[in-house]
1. Just one of V38, V72 is assigned to a loop (DSSP other than H, G, I, E, B) and surrounded by 15 or more Cβ atoms within 10 Å (Cβ to Cβ); which is it?
2. Would you confirm whether any residue within the range 80-99 is part of a loop (DSSP other than H, G, I, E, B), modelled with pLDDT under 95 and at negative phi?
3. Select from the range 8-35 the residues that are outside any loop (DSSP other than H, G, I, E, B), out of contact with any Phe, Trp or Tyr (no Cβ under 7 Å at 6 or more places or on another chain) and surrounded by fewer than 17 Cβ atoms within 10 Å (Cβ to Cβ) and list them in ascending order.
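The values are calculated or read from the model by the stated rules, or taken from the named source; none is laboratory data. The shown structure was predicted, so the numbers you read here are calculated from the model rather than taken from an experiment. Because the Cβ atoms are built from the backbone with ideal geometry, glycine has one as well, and the counts that use them run over all protein chains shown.
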Amino acid sequence: MDGDAATIRKILTELGDTWAVVGLSTNRGRAAYGVAEVLQRYGKRVVPVHPKAETVHGEQGYASLADIPFPVDVVDVFVNSDLAGPVADEAVRIGARAVWFQLGVVDEEAYDRTRASGLDMVMDRCPAIEIPRLG
């Protein structure tokens with residue numbers, strides 16, 4: 001698992017409160033739906049990114065990160081590992097400050113590229129699990 005405690009804390013407490021959640025739709029059965037709810041409860045603005053661009057948890061959705069017309073602090077990635085690298089690259093292009101790959105999302109090369117671009121990154125962890133641990 002890539003995500004030391006200091007980086008996790010920094011992303012959750014210092015890097016800003018606008019989180020683009022890639023893979024978030026109105027499907028309540030998906031993990032992204034519940035995690036986004038937890039992030040909102042902790043004061044994060046959750047921006048859904050999904051091809052359907054649905055409004056979720058009261059927030060307008062967008063089809064891609066590039067479509068979001070305001071700055072994004074953290075990109076939370078709920079896609080298969082083989083699709084995650086291009087999402088991380090897009091996060092770098094839009095000027096995000098950090099990338100968070102959810103539990104089970106692993107791409108070591110994308111992790112290295114993203115870190116080399118100056119972004120903080122966590123991989124194979126869940127912010128909904130980590131944020132309550134901060135106290």
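1. Every option except V72 fails the conditions.
2. yes
3. R9, K10, T13, G34
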